[in-house]
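J.: Would you mind keeping the following structure in view while I ask a few things?
Nothing in this text is a laboratory measurement; each read-out follows from the coordinates by a stated rule. Quantities reported herein were computed from a predicted structural model and do not represent experimental measurements. We place every Cβ from the backbone using ideal geometry, glycine too, and count neighbours over all the protein chains shown.
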Amino acid sequence: MSFNDDDSSDIGPTGQSKLESFLFSQELSSKVPFFTFQGDEEEDLEHFLELRTICLGEGAKEESNVVEVTALNHQGKNISVPIANLHISCLPMVSLGEFELKAPVTIRLKAGTGPVTVSGLHLIASQPEESDLSEDDDDDFDEDDHEEITPIKPAKKKLRQ
């Protein structure tokens, strides 16, 4: 499921890449115990999965439901980490903040039967085209366009007698 967030923004001081965000949601259960998030194979795009919430769905049993993610670490090796242990009676939902992982990412229901819904954002960072880089920005600082700012003087203290 995708939802285009029209709030695209530039990353970096010189607008080096454009960031688009789309709503992401995946239900895990005993029937579908894992999901692998992969980005498109385009060279100039980077795909990220920003996980925000994990919650138990309707019909969840009185059992522990453990959700783990598998992704690449800084050395390029796969690492699996449990990120939630949900139970219908004491912890039916967990908020992960902005837990961001670079694709590919596998989300697995390690224990329990679910249903568990994992939601967040699919982020796509794209490099601008060369024609975008050659355009002049009006944001450049021009010394003739600013007014002289006078410094603020400290207040005089009154002596107590």
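J.: Within the range 49-63, can you find the residues that are surrounded by fewer than 19 Cβ atoms within 10 Å (Cβ to Cβ) and either in contact (Cβ under 8 Å) with a residue 40 or more places away in the chain or within 18 Å of the chain's Cα centre (by Cα) (or both)?
T.: GLU50, ARG52, THR53, CYS55, GLY57, GLU58, GLY59, LYS61, GLU63
J.: Filter the range 36-53 for residues that are in a strand (DSSP E or B) and touching a Ser or Thr at 6+ places or on another chain (Cβ under 7 Å); which is farthest from GLY120 (Cα to Cα)?
T.: Checking each candidate, the answer is LEU45.
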